[in-house]
Amino acid sequence: MNTSNLNKILFFLIIIAVGWNIYAFRNDFDSLLNPIFGTPTPCQKAITYSIGTIDPEFGVSKAEFLQTIEQAADIWGDSIDKDLFTYSENGELKISLIYDTRQAATLKLKQLGTTINVGKADYDKLKAEYETAVAEYNRQKADYQNQVNAYNAKKNYNQNEVNKLNQIQAQLNLQINSINQMAAKLNQMATILNLNVANYNGIGAQQGQEFEEGIYSSDASGEKIEIYQFENKTKLIRVIAHELGHALGIDHLNNPQAIMYLLNQSVNLSLTADDINALKSICKIES
């Protein structure tokens, strides 16, 4: 083999080696180039997502969950004709279904709904459960407040006590959700049975509490979306779309019909003008 051919082969091998290293360490190259060219907006580079965990209690398969996430992602991408999210086995954004007492309460209330046509006895039974739950919540809330006051009076920071108080607060928030759902069901029953009774507002409505059906978070461990509760597939698509909106960098909006409204109370599966304007602002798209 002559020297000229040998040089050509070596040059070709070098090109392959350099190309492979750029691909293998592309994330590192991105981090080096970002300070120079700026961090890409979501519209310039799609966010990759993957499945974290799926609690079997939900009865949702991985294929079904992926399909639902894709529908939620398309709500955003279709509005500006771009792929804003893409699935990858090693996607950086981990999306999970986490089963706890929130979904358990939802399923219990759905079961109650199947017997709503029995009559007023069901209403009276749920009303008694509601009143017991409210009384127990108020008792625990008062006890919690006393513990907080005692802790603040000591003026001595203790992480174990803080963790304990946070756990109590989290449990109270779960009780709020259950009570609010019971209140909504009581109102529905009263309407169907044509009962002349007072409206049940629930604790959360009175105190401005917000039930977290899902949470988007980003920290040193990475980005993740955890879904805790949904009534049906429409609500699941909406709550995922909401959290994907947070992943894009969009905050809550004041429009009750918007995907990014703080409560999942609407049933529409399309962006409102407010959602689209927020997305265009994040993606630096001129209207």
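Tell me which aspartates and glutamates have Cα within less than 16 Å of residue 185's Cα, excluding those fewer than 8 residues away on the same chain?
Of all the aspartates and glutamates, those that pass the test against residue 185 - Cα under 16 Å, at least 8 places apart if same chain - are 122, 124, 129, 131, 231.
Which order, highest average first, do 257-268, 222-233 follow once you tally other Cβ atoms within 10 Å for each residue and take the mean per peptide?
Per-residue Cβ counts within 10 Å, averaged per peptide and sorted highest first, yield 222-233, 257-268.
Give, in nm to one decimal, the length gained when the segment between residue 158 and residue 81 is fully stretched (0.36 nm per residue of separation minus the Cα-Cα distance).
22.6 nm
Which value in nm describes the separation of the simple spin-label points at residue 196 and residue 284, placed 7 Å from the Cα toward the beta carbon?
6.4
Long-range amide H contacts for residue 85: which residues qualify at under 5 Å (H placed 1.01 Å from N, peptide plane, sequence gap of 5 or more or a different chain)?
Under 5 Å from the amide H of residue 85 lie the amide H atoms of 47, each far enough along the sequence or on another chain.
Gain in length, residue 268 to residue 218, computed as 0.36 nm per residue apart minus the alpha-carbon separation, to one decimal in nm?
Value of the extension gain: 15.3 nm.
For segment 60-101 and segment 218-286, what is the separation of their C-alpha centers, rounded to whole Å?
Taking the Cα centre of segment 218-286 as reference, the centre of segment 60-101 is 12 Å away.
Bear in mind that the values in this text are calculations on the coordinates, not laboratory data. The shown structure was predicted, so the numbers you read here are calculated from the model rather than taken from an experiment. Note: ideal-geometry Cβ built from the backbone for every residue, glycine included; neighbour counts use all protein chains shown.
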